[in-house]
Amino acid sequence: MNVAGVLTTKKELSSRNELTEPLLVRWLLIAAALVFLGLFLLVPLAAVFSQALEKGFEAYLAALKEPDALAAIRLTLITAAISVPLNLIFGVVSAWSIAKFDFPGRSFLITLIDLPFSVSPVISGLIYVLLFGLQGWLGPWLQAHDIKIIFAVPGIILATIFVTFPFVARELIPLMESQGKDEEEAARVLGASGLQTFWRVTLPNIRWGILYGVILCNARAMGEFGAVSVVSGHVRGSTNTIPLHVEILYNEYNYVAAFAVASLLGMLAIVTLVAKSFVEWRIRTVKGEE
Amino acid sequence: MKTLIGKALLVAALATSIPLTAFAQVNLLNVSYDPTRELYQDFNSAFAKQWKKQAREDVTIKQSHGGSGKQARAVIDGLDADVVTLALAYDIDEIHDRAKLIPQAWQKRLPHNSSPYTSTIVFLVRKGNPKKIKDWSDLVKPGVSVITPNPKTSGGARWNYLAAWGYALKQKGGNEAQAKEFVRKLFKNVPVLDSGARGSTTTFVQRGLGDVLLAWENEAFLAVNELGKDKFEIVVPSVSILAEPPVTVIDKVVDRKGTRKVAEAYLKYLYTPEGQEIAARHYYRPRDKKVAAKYGKIFPKVKLLTIDQQFGGWRKAQKVHFADGGIFDQIYAK
């Protein structure tokens, strides 16, 4: 009896130890993560805003209202407004076909979708210079027909589309695969057409996933530097996006304006994060309801 | 829905009709190298005023800046430059060689080798000159950190390199082998090669790297004036190089766009007393004797080597020193 009692207390003790020690470790880990985040994310973000407002709010606004800055903002918005919807359509179509159908070359298609993630953005930009540049394959023909792609808005949009290509598809493929095709098959059996099945069954199931992909896609489309830098030509007031404009201002010793414009991207990041966590929360509650 | 479409069409119609009612308007694109940003900002507005008086036409000049070699590459790849104003003749030669956008003898078309202003290479050091850097020979001493951009992409960097080479040649008993060794030692002291002159200036000035920056004279003056006379000093070496940044219209582009007249007037305006004044105010050495005399006090007298006499012209210098497998590749790889 006595022996058994000792045993139980020992067991209790050891189990308590098991609880307390990891707790300490856990706190340490959390603290380390927070310190790391603070140092590498929050401090730089705060620095951007404090630099931007160094000469007061007037100077901050003036930097944003300057014609070249406005042109850069406009170009960035146009680029995102074109590339994000296109990648949305592409992403849904490819995720749909990959998740719901079996066909030869399916895994090859998945690899292809991932390609932009594995290629350096500079190379992505150079691809377009090689294709559409004056010395490139299509260059002379394009010039003869007075079509400008590279060093103009179309080139910037193309490069952005390439870089942001995988975001929506990558988000949807695992989601649609985990959902399986039971519901779609049921709909078909009950007499729904392909389009009806898509609109009424598939789309409602993946809408939050789509939104999540679109948010990430948009953030990258607006913030892309490397690929766009290669194809832009850096003509101020016409082919500079926000990130390129920031670099130019910085190189002109115009630090307040550079950080003022950079703060727009900072705000975009914050909005993206908030929207992203909202969507994540929605996805969880939707799953919980089910 | 219908009214919405109607409204949209109306807006579209209005938007497209605006350019028709605007004044006669020409656009020029000047593709330039890094340190000329401030110069052309001023010059462009002066020329726009002049052109309005002269031709009753509104001209908007857009600018693109970057490392000189990189900018030439962009023009070769189809960036629609009406004029290029680059750091050295070889980059413009490339535009002829690789894309045939200009005639081979482009440099004969304007006075002074088509270079309306000149510059040279000087040293920018931290206030008080803590490492006691006085001349090129101080740059190869151990423990001296030198900032210069990459000669492969930057025009300024190639002038830097050649100025150092020229200095070594001019020393007592100097020869090619010694010059090569000297430049090799110098580049051993370079911790980072930026792609353009402006990038290097930012590295030195803003990031605080290095003891001495090899810079365009105008870039050095700008850094001192913009960022504080209390932080930096300019050191003028005993020998430097006469840098001639040339300009030209891009014939194929201006003929296609129909902008030849205004593009040529733009470049010629650089040679007028007003244009020369603007250049001098931005610390480029003017060609015009009168303007040069007026601003003579600013520019220190230096013994200047020329690319033609010392190196047999840019084509040769490029081939020997900066082409793939050239001397720069040999000394920098080791």
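The values are calculated or read from the model by the stated rules, or taken from the named source; none is laboratory data. Note that this is a predicted model, so its numbers are computed, not measured. Quick reminder, even Gly has a Cβ in these numbers, built from the backbone with ideal geometry, and neighbours come from all protein chains shown. Only protein heavy atoms, including side chains, enter the accessible area calculation; ligands, DNA and RNA are left aside. Shrake-Rupley method; radii C 1.70, N 1.55, O 1.52, S 1.80 Å.
Filtered by the rule that a residue be loosely packed, with under 12 Cβ neighbours inside 10 Å, within 14 Å of chain B (Cβ to nearest Cβ) and assigned to a loop (DSSP other than H, G, I, E, B), region A:92-143 gives a lone residue, A:W137. The set of residues in region B:145-178 being out of contact with any Gly (no Cβ under 9 Å at 6 or more places or on another chain), surrounded by 15 or more Cβ atoms within 10 Å (Cβ to Cβ) and either part of a helix (DSSP H, G or I) or modelled with pLDDT of 95 or more (or both) consists of B:W159, B:N160, B:Y161, B:L162, B:A163, B:A164, B:W165, B:G166, B:L169, B:K170.
Of the residues that make up region B:100-115, is at least one under 24 Å from B:T201 (Cα atoms) and either of a type in the set (D, E) or modelled with pLDDT of 95 or more (or both)? Yes.
Say whether the condition of being away from chain B (no Cβ under 14 Å), out of contact with any His (no Cβ under 6 Å at 6 or more places or on another chain), more than 30 Å from A:I113 (Cβ to Cβ) and modelled with pLDDT of 90 or more is met by at least one residue in region A:254-261. Yes, region A:254-261 contains a residue that is away from chain B (no Cβ under 14 Å), out of contact with any His (no Cβ under 6 Å at 6 or more places or on another chain), more than 30 Å from A:I113 (Cβ to Cβ) and modelled with pLDDT of 90 or more. Filtered by the rule that a residue be assigned to a loop (DSSP other than H, G, I, E, B) and open to solvent by 10 Å² or more (accessible area, probe 1.4 Å), region B:240-264 gives B:L242, B:E244, B:G258.
Do we find that B:G78 is within 14 Å of chain A (Cβ to nearest Cβ) and among the small types (G, A, S) in this structure?
Here the answer is yes, as B:G78 does meet what is asked.
Apart from one condition, B:V59 fits all of (1) within 13 Å of chain A (Cβ to nearest Cβ); (2) buried (at least 21 other Cβ atoms within 10 Å of the Cβ); (3) not in a helix (DSSP H, G or I); the exception is (1). The residues of region B:62-93 that are outside any helix (DSSP H, G or I) and under 19 Å from B:R315 (Cα atoms), listed by number, are B:G67, B:V84, B:T85, B:L86, B:A87, B:L88.
Here B:E217 clears all of (1) touching a helix residue (DSSP H, G or I) at 6+ places or on another chain (Cβ under 8 Å); (2) open to solvent by less than 70 Å² (accessible area, probe 1.4 Å); (3) touching a residue at least 24 places away in the same chain (Cβ under 8 Å) except the condition numbered (1). Say we look at region A:228-249 and pick out the residues that are of a type outside the set (G, A, S) and at the interface with chain B (Cβ under 7 Å from one of its Cβ atoms); which of these is surrounded by the fewest Cβ atoms within 10 Å (Cβ to Cβ)? This residue is A:R236.
Across region B:28-42, what is the total count of residues that are hydrophobic (A, V, I, L, M, F, W, C), facing chain A (nearest Cβ under 10 Å) and surrounded by fewer than 24 Cβ atoms within 10 Å (Cβ to Cβ)?
0
A count restricted to region B:62-75 and to residues that are open to solvent by less than 20 Å² (accessible area, probe 1.4 Å) and at the interface with chain A (Cβ under 9 Å from one of its Cβ atoms) stands at 7. Residues satisfying the criterion are present in region B:187-207 (criterion: away from chain A (no Cβ under 14 Å), more than 18 Å from B:I133 (Cα to Cα) and modelled with pLDDT under 95).
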